[in-house]
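A short worksheet on the structure shown next.
The values are calculated or read from the model by the stated rules, or taken from the named source; none is laboratory data. All values reported here derive from a predicted model rather than from experimental measurement. Cβ coordinates were reconstructed from backbone atoms using ideal geometry, including for glycine residues, and neighbour counts include every protein chain displayed. Please note that ligands, DNA and RNA were not included when accessible areas were found on the heavy atoms of the full protein model with its side chains. Shrake-Rupley method; radii C 1.70, N 1.55, O 1.52, S 1.80 Å.
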Amino acid sequence: MIERTCGIVLRTIKYNDTSVVVDIFTERQGRVSYLVKLPRSKRSALRSVFFQPLSILEYESDFRPRLNLQRMKEARLAFLFQSLPYDPHKASIALFLAEFLTHALHEEMENAPLYAYLTHSIRWLDSCERTTANFHLVFLMHLSRFLGLYPNLEHYRPGDFFDLRAACFTDRAPLHVDVVRPEEAARLGTLMRMNYDTMHLFEMSRAERNRCVEIILFYYRLHLPGFPELKSLEVLRELYNS
């Protein structure tokens, strides 16, 4: 069945000398893998520049539900980036988020609210003219709502622990090690109060920001089976001096 749809590029893997496999989170089908032939002609309807991390595409494919690899016929950029691929900070964030989503959306089906959140976030990052130091923290925390992993951050009292397994605050340390100590648990509420428009108002040191992302990623690993260590995390840790 020939269909035209939109999608977000998560990962591109070389298949052979002329083709790549592209994993895309689509608007209508959820996550789908496509076999894409990349002719060398600049006039081709499929060009390698289209398949960069987090690119938003509009494309036509011959979709057959029983195939593991779908065939893409033609594509174009549905949104033309103005800064994201050229700003080193934004580009590093994009690589990190693309790798994260590749694993977090491993078996994700059609999810229109999630797709809308992702496209809005990508466009916002590209257009942002302020600091983006806290962007990945805000993105990851609010993404948990769409994946059914949103933690219960109500009823916090100073001195509480945060139980990462039960995803809630507790006044006593649980009988396991997957817990955030009180001195760090207080910061979780602050993270959830941040959004893209206000995140520049919340100052953190690089060490504090890195610790926050470590806790968030560990939380996802606990609740998403098979979620691995991310290779791009080390690059992200080196961003921003303050």
(message) Among the listed residues Arg157, Arg181, Arg211, identify the single one that is basic (Lys, Arg), surrounded by 12 or more Cβ atoms within 10 Å (Cβ to Cβ) and at negative phi.
(response) Arg211
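Considering only residues that are open to solvent by less than 60 Å² (accessible area, probe 1.4 Å) and modelled with pLDDT under 90, look in the range 189-201 and name the one that is nearest to Glu238 (Cα to Cα).
Leu191
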(message) I'm trying to understand the selection: among the residues of the range 70-88, which are in contact (Cβ under 8 Å) with a residue 12 or more places away in the chain and open to solvent by 90 Å² or more (accessible area, probe 1.4 Å)?
(response) Arg71, Lys73, Arg76, Gln82
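Within the range 214-226, which residues are farther than 18 Å from Pro182 by Cα and open to solvent by less than 20 Å² (accessible area, probe 1.4 Å)?
Leu217, Tyr220
Rundown of residues vs (1) closer than 15 Å to Val32 by Cα; (2) of a type in the set (S, T, N, Q); (3) open to solvent by less than 40 Å² (accessible area, probe 1.4 Å), yes/no style:
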site: Phe51; (1), (2), (3): yes, no, yes
site: Leu57; (1), (2), (3): yes, no, yes
site: Pro65; (1), (2), (3): yes, no, no
site: Asn68; (1), (2), (3): yes, yes, no
site: Leu101; (1), (2), (3): yes, no, yes
site: Ala104; (1), (2), (3): yes, no, yes
site: Glu108; (1), (2), (3): yes, no, no
site: Leu125; (1), (2), (3): no, no, yes
(request) Can you confirm whether the range 89-106 contains a residue that is in contact with a Ser or Thr (Cβ under 7 Å, 6 or more places away or on another chain) and free of Cβ contacts under 8 Å to residues at least 60 places away in the same chain? (result) yes
